[in-house]
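So the structure is just underneath, and the comments pick up after that.
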Amino acid sequence: MKKNIILTGSLAYDYIFDIPDSFSKYIQPDKIHKINISIVTDTHKKSFGGTAGNQAFHLARFGLNPTIITTVGNDFFDYKIFLKKNGVNTNSIEIIKNLPTAAGFVMTDVKDNQIWMFATGAMKEARRLSLKSIYASSGVEKLKLNSSRQARTITNSFVLISPTDLNAMINIVKESINLNVDFAFDPAFFIPHLPEKTLLEGVKNSIIIFGNDYEIAFIEKRLKKKITDIVSNRQVVIKTLGDQGSEIYYNGKWIKVGIYKTKTIDPTGAGDAYRAGFLYGFLNNQPLKTCGWMGAVTASFAVEVKGTMNLKFTKKEFLKRLRKLT
């Protein structure tokens, strides 16, 4: 059965700045209490971005049916055309006419360290949307709900909950649980801001928890428990480790997954690419280690180009890299 993939994260315009030095050159440790820094760079690039946009783009390339549910601004026209052209369902994206689309500003230094600033714009209105709204507007088949939480995997829909408006994220977690829908939970930079109850419910009720090593540690700090002591044996925890690969926890064991080594031009969006590749494998019943490799291969194509949606690869090229890892 083909899954309907629903993404509740952000859509944004990304402004990417490459810094010709290391951030450490600009920071004086003894002046950290009072930072006043100016950094000059020769170029910058504007591109389509946001967690939901990046992930949906990759999932559509894999032949899945991604639907984005969020709010955008009055400058979204060209981005919408791009998404539709690339197979993403945009019917549940609501345009807020008096606000601009969210924008992300990222500086990347020569060591691939990044500093982000994010302006929410129209995304703050996403709190008024709900999963139920997709029934009428998106063209997605009505969610098939189960009578038992033990049989959740037979539903025909899967929700990927990523950072968006804070209140929207809180609502989507609650709604996904109430509707008995399978979901992956990727709280990312909202870990310090989500109510502890919502964070715990997201971790305990999701099928998959995504995070980098810092984020997983932050979740554990907030919940005062190791994540492996919170999740059940049927849940999957993904911990990404940058150029050290990733680790996958399932049924009491950690599985180590390496990266596909390639030249990194721009690391922006690598995490979203990994998530999309992993989910594609997961929803096609691949072994978890294979899912991790699929995420790593997708990320390898993403880092080879500037911008999060400028990559192009064929099925043959994807499988060639995958075979090298397996």
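The values are calculated or read from the model by the stated rules, or taken from the named source; none is laboratory data. Being a predicted model, the structure only gives us computed values, none of them experimental. All Cβ positions, glycine included, derive from the backbone under ideal geometry; neighbour counts span all protein chains shown.
Here are some notes:
Every residue, every condition in (1) modelled with pLDDT of 85 or more; (2) out of contact with any Ser or Thr (no Cβ under 8 Å at 6 or more places or on another chain); (3) within 30 Å of Thr43 (Cβ to Cβ); (4) not polar (S, T, N, Q), yes or no:
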{"residue": "Val106", "(1), (2), (3), (4)": "yes, no, yes, yes"}
{"residue": "Ile115", "(1), (2), (3), (4)": "yes, yes, yes, yes"}
{"residue": "Ser130", "(1), (2), (3), (4)": "yes, yes, no, no"}
{"residue": "Gln150", "(1), (2), (3), (4)": "no, yes, no, no"}
{"residue": "Ser157", "(1), (2), (3), (4)": "no, yes, no, no"}
{"residue": "Ala168", "(1), (2), (3), (4)": "yes, no, no, yes"}
{"residue": "Val173", "(1), (2), (3), (4)": "yes, no, no, yes"}
{"residue": "Ile177", "(1), (2), (3), (4)": "yes, yes, no, yes"}
{"residue": "Lys197", "(1), (2), (3), (4)": "yes, yes, no, yes"}
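- Of all residues in the stretch 231-251, exactly one satisfies the criterion of being β-branched (Val, Ile, Thr) and part of a loop (DSSP other than H, G, I, E, B), namely Val231.
- Filter pass, Thr228 being more than 25 Å from His44 (Cα to Cα), in a helix (DSSP H, G or I) and either of a type outside the set (D, E, K, R) or in contact (Cβ under 8 Å) with a residue 24 or more places away in the chain (or both): yes
- Test: residue in the stretch 258-272 that is crowded, with 17+ Cβ neighbours inside 10 Å, hydrophobic (A, V, I, L, M, F, W, C) and within 23 Å of Thr108 (Cα to Cα): yes
- Selection over the stretch 79-93 of residues that are assigned to a helix (DSSP H, G or I) and either in contact with a helix residue (DSSP H, G or I) (Cβ under 8 Å, 6 or more places away or on another chain) or surrounded by 20 or more Cβ atoms within 10 Å (Cβ to Cβ) (or both) gives a count of 2.
- Any hit, the stretch 117-129, residues being surrounded by fewer than 18 Cβ atoms within 10 Å (Cβ to Cβ), within 28 Å of Phe23 (Cβ to Cβ) and free of Cβ contacts under 8 Å to residues at least 40 places away in the same chain: yes
- Candidates are the residues of the stretch 101-113 that are of a type outside the set (Ser, Thr, Tyr) and either free of Cβ contacts under 8 Å to residues at least 24 places away in the same chain or surrounded by 16 or more Cβ atoms within 10 Å (Cβ to Cβ) (or both); the one that is farthest from Thr264 (Cα to Cα) is Ala102.
- Given (1) touching a Ser or Thr at 6+ places or on another chain (Cβ under 6 Å); (2) assigned to a strand (DSSP E or B), index of the condition Trp254 fails: (1)
- Restricting attention to the stretch 166-190, the residues being part of a loop (DSSP other than H, G, I, E, B) and either out of contact with any strand residue (DSSP E or B) (no Cβ under 8 Å at 6 or more places or on another chain) or of a type in the set (Ser, Thr, Tyr) (or both) number 2.
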